[in-house]
Amino acid sequence: MFSLGTPEEMRRYCQKVIDSLASEGGYIMDASAIIQNDAKTENIKAMTEFARK
């Protein structure tokens, strides 16, 4: 997901994950500890900002 799409698509995907998996809290959002070399910086930033929000 990091290498494809736009920051807005990344935020929507993050929201989908939260809605699906974390409705009762306790979910830890992580980039799986490995971010591929072709990841777009703006998408990583969008995920990080979304998670902090």
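The values are calculated or read from the model by the stated rules, or taken from the named source; none is laboratory data. Note that this is a predicted model, so its numbers are computed, not measured. Heads up, the Cβs are rebuilt from the backbone with ideal geometry, glycines too, and the neighbour counts pull from every protein chain shown.
Assorted remarks:
- Every pair of residues 6+ apart whose Cβ atoms lie under 6 Å, when the first sits in the stretch 28-53 and is in contact (Cβ under 8 Å) with a residue 24 or more places away in the chain and at negative phi while the second is loosely packed, with under 13 Cβ neighbours inside 10 Å and of a type in the set (Asp, Glu): none
- Positions within the stretch 36-53 being surrounded by 11 or more Cβ atoms within 10 Å (Cβ to Cβ) and part of a loop (DSSP other than H, G, I, E, B), in sequence order: Ala39, Lys40
- Filtered residues of the stretch 16-35 (kept if surrounded by 10 or more Cβ atoms within 10 Å (Cβ to Cβ) and either of a type outside the set (Phe, Trp, Tyr) or assigned to a helix (DSSP H, G or I) (or both)): Lys16, Val17, Ile18, Leu21, Ala22, Met29, Ala31, Ile35
- Considering residues of the stretch 11-37 that are over 12 Å from Met47 (Cα atoms) and of a type in the set (S, T, N, Q) only, the residue modelled with the lowest pLDDT: Ser32
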